[in-house]
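The values are calculated or read from the model by the stated rules, or taken from the named source; none is laboratory data. From a predicted model like this one, the values you see are computed outputs, not experimental measurements. A quick note on method: Cβ atoms are made from the backbone with ideal geometry, for glycine too, and the neighbour counts reach across all protein chains shown.
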Ligand code: SF4
Ligand code: SF4
């Protein structure tokens, strides 16, 4: 899931200093789960914007804000409001904001900060789990990501700075490499620690990345 959080209201108002008529969009997937772009959040932000003297012509929560065709379908439902509006504020992730921006001829501003790809630990509690490195090493590390969960993204074992199991960079976090060691021990795979991992091939994360399943013959393993 993409974890996002509302920007400070003052920052959003700053985007809108030359805009009076506003449309709000959210996202029915990740941003709804993060309470940053669901219907309840848009209703609350609409009220705040109106208190600040703005006119909110419409708001909509597209089913999935990062799906071009679904966004196009959902924006059509409020086409008249968009035609009249000065600006849109999108409360989706950065991808969702751009998907909306591609489809309209007025400014689209981000209402959220996009934080990370993460796991929902419990309702309202999220933790970063994957940095989309394009070359997954979880098979060697007991299913614990060293790229994301080690503060130095070390691939070949710990830095040696951990204290009482906690990371020397951020002592609130467990040292990822101690977790990896414990997990590999549990799996009877400690021998994997002696396998040297080559430096990561950063050409695999040359931005922007694309994936075209039509040209590659589909996504399933053949
Ligand atoms: S190694 Fe970590 S960052 Fe890379 S794909 Fe796997 S989980 Fe994601
Ligand atoms: S203490 Fe552990 S998690 Fe922190 S940087 Fe060193 S190896 Fe990585």
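Structural remarks
- Across segment 5-18, the qualifying residues are those that are over 20 Å from the mean Cα position of the chain (by Cα) and under 11 Å from residue 109 (Cα atoms), and the one among them that is surrounded by the fewest Cβ atoms within 10 Å (Cβ to Cβ) is 14.
- Those residues of segment 108-159 which are touching a strand residue (DSSP E or B) at 6+ places or on another chain (Cβ under 9 Å), touching a residue at least 60 places away in the same chain (Cβ under 8 Å) and within 16 Å of ligand 2 (Cβ to nearest atom), in sequence order: 128
- Test for residue 162: is it near ligand 2 (Cβ under 7 Å from one of its atoms) and either at pLDDT below 95 or touching a strand residue (DSSP E or B) at 6+ places or on another chain (Cβ under 9 Å) (or both): yes
- In segment 91-190, counting only strands (runs of 3 or more DSSP E) that sit wholly within it, the ones holding 2 or more residues that are within 15 Å of ligand 1 (Cβ to nearest atom) span 112-122, 125-130.
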